[in-house]
Amino acid sequence: SRMDSISNEKQNLIIVSNRLPLSVKRVDGSFQSSLSSGGLVTSLAGLTKSTQFQWFGWPGLEVRDLGDREEVSQTLEAHNAIPIFLDSTLAHEHYNGFSNRILWPILHYQSGVTFDDTPWQAYKRVNELFADAIVDSAESGTLIWIHDYHLMLLPELLRHRLTQQGKSCAIGFSLHTPFPAGDFWRNLPVRKHLIEGLLSSDLIGFHTDEYKQNFIETCASLLNARTEIPNQIQYKNRLVCTNKFIVGIDPQKFTDTLQMPEVQDRIRTLKERYKGVKVIVGVDRLDHIKGLTQKLSGFDAFLDDHPELQNKVVLIQVAVPSREDVKEYQDLERDLCTMAGKINGKHGTPLLYMHRSVPFAELTALYSVADVCLLTSTRDGMNLVAFEYVACQKERHGVLVLSEFAGASSFMSQGSISFHPANKTEMSEAIFDAISLDPAQRKSKYEYLRDFVNENTRWDSICDGKLSATNTRSAKWGQDFT
Ligand code: ADP
Ligand code: G6P
């Protein structure tokens, strides 16, 4: 029947990312898994509701023993996740060495990055190992959807292997970071390999038009690819489509959680604790690109500018531990700790700085009691925390203060207060404006953002569009994807 063929077809999707939706840890000799954090996992979570797929990725730790590998695979199987095991040195060089110390900073316009060949070789090797692991699970007609900067060579490596095996599959690639303007991308000596790697995809998705355009211009200038037709790139007899996809969240997950009795209890406690105090919340992975030092300086400037607000404002900042084996992240953590101490020493204790992960229920309670959400990214692919805050503000109509450099800002600036994160004065004024808005202004901003968040939860329809077109030509598939 038609329904059967649809559900069979839905099995024909393979998702690939470096990080699986669950991270595995070794605890007292056995294995435990917990939900991974980060925008990629959040944005794909909604998809699991209606679509079946296999999700390939690195389990996050080294597992050598075959029996242990079996155990880890079984733990993950319940979530359709399939681990690709990597030796720890190789994983370290790929993940920390190349992906996070070289590629991530360049994608986010950070200067001073030094290229090194050892991590680059590991990056290539890991992309090959991923291709080897995936090619056997794919059949002709399977849609393979690859995510993010850790796997930019994978489309080409996989295409090659699929062709060798006589399989015809559509390959999609989604980048969850910015793509920088051409001149900045030149900082990366191996840039050509990465772009060519991507161009074996049928469709490449970006978060904003700006990132997409930067990519297309790079293809034209670096590879002499033909780009006269909007959104299409012709290179070496291949036609590659590009598009912008607004990756959203599943807002219902937040509204449902807010209804839970223990979350309601927690909200009551927090409201009691912060009676008469304006609560500003920030939730970020502890990462340079989130502009956390800028946030603390801006908050410090705001407190200097408004002594009358002493004891009347609190900033609750959750800094989720991230990439802790990378030196730059360790240095940042130390700097933030020092800054937090200074601010609290100087102004009473207006800052609650938490360097830890908080449970989901606590996160939603925090979002819900906050009058303001302050996000200060110096560059950021999208920033889904902005969406999540809005999803939790049905009653309060809190104000989003959002850096103009977050991808989300290109869609949400009308409903938020935007500012330049390098300008302390501007940040201080933006915070003051946010806490001073009258209820009518707050309501109208909130309604704009609410509609935007509710209207952009469409991974499901994107996926249906793709799946119905898996057997058609790639260019057609690209159009259907929208
Ligand atoms: P990034 O992808 O750079 O981390 P985003 O703002 O797009 O930035 O996404 C961060 C995601 O991580 C959000 O969905 C947020 O809810 C989630 N998150 C934050 N803290 C935790 C946590 N303790 N556990 C799991 N997920 C978390
Ligand atoms: C960003 C990246 C994701 C990544 C996430 C968390 O959102 O785009 O690919 O998974 O950060 O980072 P981590 O290094 O823990 O995977």
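The values are calculated or read from the model by the stated rules, or taken from the named source; none is laboratory data. Because the structure is predicted, anything quoted here is derived from the model rather than measured. Cβ placement follows ideal geometry from the backbone for every residue including glycine, while neighbour counts extend to all protein chains displayed.
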### Summary
Going through (1) more than 27 Å from Ile246 (Cα to Cα); (2) at pLDDT below 90; (3) surrounded by 20 or more Cβ atoms within 10 Å (Cβ to Cβ) one by one, Ser43 fails only at (1)
### Filter result (more than 18 Å from Ile435 (Cβ to Cβ), buried (at least 19 other Cβ atoms within 10 Å of the Cβ) and more than 13 Å from ligand 2 (Cβ to nearest atom)) within segment 288-306
Gly291, Leu292, Gln294, Ser297
#### Entry: Residue ID - nearest to Gln54 (Cα to Cα), chosen from residues in segment 122-141 that are under 24 Å from the mean Cα position of the chain (by Cα) and of a type in the set (A, V, I, L, M)
Ile134
### Task
Collect the residues in segment 269-287 that are hydrophobic (A, V, I, L, M, F, W, C) and either within 16 Å of ligand 2 (Cβ to nearest atom) or at pLDDT below 95 (or both), keeping them in residue-number order.
Val283, Leu286
### segment 313-334: number of residues that are under 16 Å from Gln294 (Cβ atoms) and surrounded by fewer than 13 Cβ atoms within 10 Å (Cβ to Cβ)
1
### Message
If the requirement is being more than 16 Å from ligand 1 (Cβ to nearest atom), on the phi < 0 side of the Ramachandran plot and crowded, with 19+ Cβ neighbours inside 10 Å, which of these qualifies: Leu351, Leu366?
### Response
Leu351
### Task
Identify, by number, the condition in (1) in contact with a Gly (Cβ under 8 Å, 6 or more places away or on another chain); (2) within 11 Å of ligand 1 (Cβ to nearest atom); (3) modelled with pLDDT under 95 that Ser357 doesn't meet.
(1)
### Query
When segment 247-287 is examined, which residues are found to be surrounded by fewer than 19 Cβ atoms within 10 Å (Cβ to Cβ) and within 30 Å of Leu107 (Cβ to Cβ)?
Lys253
### Task
Six or more apart or on different chains, Cβ under 9 Å: which pairs go from a residue in segment 15-41 that's within 21 Å of Ala386 (Cβ to Cβ) and in a helix (DSSP H, G or I) to one that's within 8 Å of ligand 2 (Cβ to nearest atom) and polar (S, T, N, Q)? Could you list them?
Leu40/Ser17; Leu40/Asn18; Val41/Ser17
### Message
From the list Ala422, Ala406, Ala434, Ala440, exactly one residue is more than 23 Å from Thr42 (Cβ to Cβ), modelled with pLDDT of 95 or more and in contact with a strand residue (DSSP E or B) (Cβ under 8 Å, 6 or more places away or on another chain). Which is it?
### Response
Ala434
### Query
Of all the residues that make up segment 42-64, how many are in a strand (DSSP E or B), away from ligand 1 (no atom under 16 Å from the Cβ) and among the small types (Gly, Ala, Ser)?
0
#### Entry: Where a residue in segment 107-125 is within 11 Å of Glu93 (Cβ to Cβ) and its partner, wherever it lies, is aliphatic (A, V, I, L, M) and assigned to a loop (DSSP other than H, G, I, E, B), with Cβ under 8 Å and at least six apart
Trp120/Val190; Tyr123/Leu153; Lys124/Leu153
### Task
Out of the residues in segment 1-40 that are charged (D, E, K, R) and at pLDDT 85 or above, state the one that is nearest to Ala408 (Cα to Cα).
Arg19
### Query
Which number in (1) over 16 Å from the mean Cα position of the chain (by Cα); (2) within 16 Å of ligand 2 (Cβ to nearest atom) marks the one condition that Gln54 misses?
(2)
